[in-house]
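Asks: Here it is, the structure in full.
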Amino acid sequence: MPESPDAFVTVERAATCLQAGGLVALPTETVYGLGANALDPVAVARIFVAKERPFFDPLIVHVPDIDWMPRVVSEFPAVALKLAERFWPGPLTLVLPKVKSIPDLVTSGLSNVGVRIPDHELTRRVLRLANVPVAAPSANPFGRLSPTTAEHVQAQLGDRIDAILDGGPCRVGIESTILQIVDNGVTLLRPGGISLEEIEALIGSVHHPVSPSSESPIAPGMLESHYAPLTPLTIVDHVPSSVESGRMGLLVLRNDMRSLRFGQLEELSQTGDLVIAAANFFQALHRLDAAGLDEIIAVRFPDIGLGRALNDRLKRAEHRRSDRSSC
Ligand code: TXA
Ligand code: MG
């Protein structure tokens with residue numbers, strides 16, 4: 001198992017490695033995924049082992065083109081087509097009835113499978129070359145921060161996987177929005193890189209499930225503790241007017257109070273742009289987590305557009321503090 005720059009491979013090598021049942025970290029526009037041949041249950045099982053991920057948490061299947069849909073899903077209703085035409089390739093996952101050849105391990109025994117076309121040319125080339133659908137959760141140990149650079153993957157999982165394809169920093173920086181489609185009814189399972197506003201502008205209102213319990217998550221990404229740094233994180237509504245120690249870090253959309261003495265300050269967008277903030281979000285959290293701080297203070301985002309997905313990730317990062325055992 002590689003730990004050196006040897007772990008970084010070409011598109012061709014990534015494809016052969018997937019065909020041979022290997023685990024390959026792949027860049028997408030959202031976060032890096034840890035990919036395996038979705039049709040090979042042994043390769044898929046290795047994902048769960050490498051991530052220490054519970055088997056009740058199903059995986060998203062990635063394909064390069066819409067013509068591949070029949071290889072993964074058995075139905076593709078009109079509303080799915082409308083969403084696909086508008087948002088694919090892109091940060092949207094659709095949960096639809098699966099075909100038999102997708103192993104139960106991929107879906108944790110559910111009859112539905114999550115599928116998406118990532119908007120990253122290198123990875124779509126790998127998928128076409130390997131000529132198999134690829135199951136890929138985010139390439140981080142279960143419950144931890146998602147990786148948005150190849151170096152994050154190397155640091156968190158480098159010694160447990162076969163290869164990493166370096167596609168640079170992820171453009172969107174936050175995971176895909178997940179929509180479940182039953183008949184033509186649409187339910188939001190996870191807010192993400194496509195805002196609810198954009199989706200509802202296209203297809204009308206979608207259902208929002210009530211707050212899920214940790215015991216029976218609708219999408220296990222909705223577990224209360226997830227996406228968490230090791231450093232305790234607290235969410236506040238405004239930048240605190242004083243800080244007690246220099247061992248506190250601040251994560252904020254836009255910083256108007258430059259004089260405060262935080263140990264480390266991460267401003268996500270000087271102009272307060274939520275799209276730019278999403279692209280910087282996990283990188284900033286990785287840096288804060290590596291800075292040896294006692295605590296990270298995170299200022300809540302406006303609850304609109306991508307701010308909704310960012311607040312969702314913050315809530316789960318904060319929850320870890322009182323519930324470390326659930327990971
Ligand atoms: O942007 C993304 O979605 C990234 C990139 C790599 O594509 N992937 C990602 O995967 O975030 P993961 O495994 O970290 O989160 C996927 C979420 C999980 O919470 C899982 O429970 C949910 O998707 N999911 C997958 N298949 C599902 C299904 N059949 N039914 C309900 N939820 C599903
Ligand atoms: Mg994840």
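The values are calculated or read from the model by the stated rules, or taken from the named source; none is laboratory data. Only a predicted model underlies this, so the values are computations on that prediction, with no experimental measurement involved. Quick reminder, even Gly has a Cβ in these numbers, built from the backbone with ideal geometry, and neighbours come from all protein chains shown. For the accessible areas, the whole protein counts, side chains as well, though only heavy atoms, and no ligand, DNA or RNA atoms are used. Shrake-Rupley method; radii C 1.70, N 1.55, O 1.52, S 1.80 Å.
Asks: If you scan segment 78-112, which residues turn out to be surrounded by fewer than 18 Cβ atoms within 10 Å (Cβ to Cβ) and in a helix (DSSP H, G or I)?
Replies: Passing the criteria: A78, L81, K82, E85, R86, D104.
Asks: Could you look through segment 46-77, keep only residues that are of a type in the set (A, V, I, L, M, F, W, C), open to solvent by 40 Å² or more (accessible area, probe 1.4 Å) and part of a helix (DSSP H, G or I), and pick out the one that is farthest from A278 (Cα to Cα)?
Replies: V49
Asks: Taking V42 as meeting all but one of (1) touching a residue at least 24 places away in the same chain (Cβ under 8 Å); (2) not in a loop (DSSP other than H, G, I, E, B), write down the number of the exception.
Replies: Failed condition: (1).
Asks: Taking segment 23-50 on its own, how many of its residues are within 12 Å of ligand 2 (Cβ to nearest atom) and either at pLDDT below 95 or of a type in the set (G, A, S) (or both)?
Replies: Within segment 23-50, residues that are within 12 Å of ligand 2 (Cβ to nearest atom) and either at pLDDT below 95 or of a type in the set (G, A, S) (or both) number 1.
Asks: Considering only segment 14-38, how many residues are more than 9 Å from ligand 1 (Cβ to nearest atom) and in a strand (DSSP E or B)?
Replies: Going through segment 14-38 one residue at a time, the tally reaches 4.
Asks: Find all pairs meeting these conditions: Cβ atoms under 7 angstrom apart; at least six residues apart or on different chains; first residue within segment 55-77 and on the phi < 0 side of the Ramachandran plot; second residue in a loop (DSSP other than H, G, I, E, B) and open to solvent by 70 Å² or more (accessible area, probe 1.4 Å).
Replies: These pairs meet every condition: P58/L110; P77/D183; P77/N184.
Asks: Let me ask you something else. Considering every residue within segment 131-144, establish whether at least one is modelled with pLDDT of 95 or more and over 25 Å from I194 (Cα atoms).
Replies: Yes, that holds for at least one residue.
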